[in-house]
Amino acid sequence: MVELKTPSEIDAIAAAGAVVADVLAAVRAQAVPGVRVSDLDAAASELVAGAGARPTFLNYHPRFAPTPYPAVTCISVNDAVVHGVPGPQVLADGDLVSIDLAVHLDDWCADSAISFVVGAADPGDLALIDTAERSLLAGIDAALAGNRLGDVGHAIQAVARAARYGMLADHGGHGVGRQMHEAPHVPNEGKRGRGMRLEPGLVFAIEPMLIAGGTDRYRHDEDGWTLRTADGSRAAHVEHTIAVTESGPRVLTSKG
Ligand code: MF3
Ligand code: CO
């Protein structure tokens, strides 16, 4: 069942979203060559606690996972697409890093992810990230009352496919509210005019996951969590939680 949120509930989600955006920006600033990925997670943990929020991923145990999630963030480096578990890996010049974070603040959740390159960037990596960001913005722009979910998926997919990138098959966004994962599922591909009609009060995360090599195939890492590209090429993942409102889409995970 899809639960519509009131304007004051949307404001509460935006307050959680401001914490997410601020923490992501602060952790990104610390992500330089030589830094250990687990230290970035520790920094996120402190910042989330300092903001009076609860890290949603920690101990989260979805059906697809073998174990409860052991960290505050997902940090996915290079060929890791999503759900990278922060570990002892040390970041090197030119690494492509995606950081995903959700928090609960006052019982409301917000979820967002950023991708960027550490140190000197390969132009191909910057193009991949730029396309992922444009794909996300196209999806947000399509999140208009009266449109359908298929219009959002179509907008996301059109940008990614025009650039001949692969997309993580079977993965997409999701409703957000008191829970991180609520109905509806928000596919990254769709047909115009198909699917659920969008109404003011609908809140969901849009999260394109692009694969540089152009195939949609992925594999599970031995850790049971990390999804990696099957061809070993790099991937980018960006995400915002947004609300459909009378006056258009509102991004809820922007800086406070
Ligand atoms: N932001 C991720 C998503 O929407 C959630 C990561 S899974 C977790 O799929 F277990 F780490 F929470
Ligand atoms: Co998400």
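Each reported figure results from applying straightforward, stated rules to the coordinates on display, with no laboratory input. Bear in mind the structure is a predicted one, so any value in this text is a computation, not a measurement. Here Cβ is always computed from backbone atoms with ideal geometry, including for glycine, and neighbour counts include all displayed protein chains.
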Per the filter on the stretch 96-149, residues out of contact with any Pro (no Cβ under 6 Å at 6 or more places or on another chain), closer than 21 Å to Leu227 by Cβ and assigned to a helix (DSSP H, G or I) are Gly124, Asp125, Leu128, Ile129, Thr131, Glu133, Gly139
The condition of being more than 16 Å from ligand 2 (Cβ to nearest atom) and touching a helix residue (DSSP H, G or I) at 6+ places or on another chain (Cβ under 7 Å) holds, among Arg217, Arg192, only for Arg192
Scanning the stretch 220-256 for residues that are within 20 Å of Trp108 (Cβ to Cβ) and out of contact with any helix residue (DSSP H, G or I) (no Cβ under 6 Å at 6 or more places or on another chain) gives Glu239, His240, Val244, Thr245, Arg250, Val251
Apart from one, (1) more than 25 Å from Ala230 (Cα to Cα); (2) of a type outside the set (Lys, Arg); (3) surrounded by fewer than 23 Cβ atoms within 10 Å (Cβ to Cβ); (4) touching a helix residue (DSSP H, G or I) at 6+ places or on another chain (Cβ under 7 Å) all hold for Thr6; the odd one out is (4)
Within the stretch 46-94, restricting to residues that are among the small types (Gly, Ala, Ser) and within 20 Å of Phe116 (Cβ to Cβ), the one that is surrounded by the fewest Cβ atoms within 10 Å (Cβ to Cβ) is Ala92
Do we have Pro62 as within 16 Å of ligand 2 (Cβ to nearest atom), in contact (Cβ under 8 Å) with a residue 60 or more places away in the chain and farther than 30 Å from Glu246 by Cβ here? yes
Scanning the stretch 198-214 residue by residue, the ones that are away from ligand 2 (no atom under 16 Å from the Cβ) and hydrophobic (A, V, I, L, M, F, W, C) total 3
Of those in the stretch 211-241 that are in contact with a Leu (Cβ under 6 Å, 6 or more places away or on another chain) and either assigned to a loop (DSSP other than H, G, I, E, B) or not polar (S, T, N, Q) (or both), the residue nearest to Gly153 (Cα to Cα) is Val238
